[in-house]
Amino acid sequence: MWPRMGWRRQMKYYGRRIARLPGSDSSLASGFAFGAAVSFTPFVGLHIVISVFLSWIARSNMIASAFGTVVGNPWTFPLIWVWIYNLGDWLGVGNSDGLSKTQNFHKLFNHMMTALLKLDIGYLSESAWPIFGPMLVGSVPTAIVVWLVTYFIMKPVIGSIRGSRAVRRVAAAPTAQNERRIG
């Protein structure tokens, strides 16, 4: 689970992979931002589908949106879930009993999926909604802020990577005189 090449090099690798995708800097940054923002929603298992759909609607790069969902991962999900639950609770949807400190979110999502497949409305309304409701409400403002921050960080980063790549390509290209000598 720990990248062999280290975190910094891994992030550089993903940045270059995203910058090499076809599309404008804005399209790539917007797609990545959709992926990152959707990672801050409680729709576990649907992040890629939702981010690709939103990118398609906004005419952003859909592959970059799939890369953006990497923001939500096993290390960040516990922090994200506690944050969006507490924010939703603070916004008035929860009952302020501090469930996020003792709640097993993994177990909750597992039972919710089982209840959805069995259409067990009783479990969903009595057990899942008191936790899922505040998370859903807390995820909306968080996702908006994450989208804005990610977009305005990624757009110049992608432009910089593409610019330095173009400079390297021009420097490596043979000049017209060298081509005449070879041919």
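The values are calculated or read from the model by the stated rules, or taken from the named source; none is laboratory data. Owing to the predicted nature of the structure, the values given are computational and were not obtained by experimental measurement. All Cβ positions, even for glycine, are placed from backbone atoms using ideal geometry, and neighbour counts span all protein chains on display.
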Report task. For segment 68-87, name all the residues that are more than 13 Å from F43 (Cα to Cα) and touching a Phe, Trp or Tyr at 6+ places or on another chain (Cβ under 6 Å). Result -> G68
Report task. Please work out if L148 is at pLDDT 75 or above, under 28 Å from the mean Cα position of the chain (by Cα) and loosely packed, with under 13 Cβ neighbours inside 10 Å. Result -> yes
Query raised in the report: If a residue has to be more than 28 Å from I84 (Cα to Cα), surrounded by 12 or more Cβ atoms within 10 Å (Cβ to Cβ) and not small (G, A, S) to count, how many in segment 19-54 make the cut?
Result: 3
Query raised in the report: Taking L21, is it touching a residue at least 40 places away in the same chain (Cβ under 8 Å), within 21 Å of F152 (Cβ to Cβ), part of a helix (DSSP H, G or I) and touching a helix residue (DSSP H, G or I) at 6+ places or on another chain (Cβ under 6 Å)?
Result: no
Query - Test: S60 is surrounded by 24 or more Cβ atoms within 10 Å (Cβ to Cβ), at pLDDT 75 or above and outside any helix (DSSP H, G or I) - result: yes
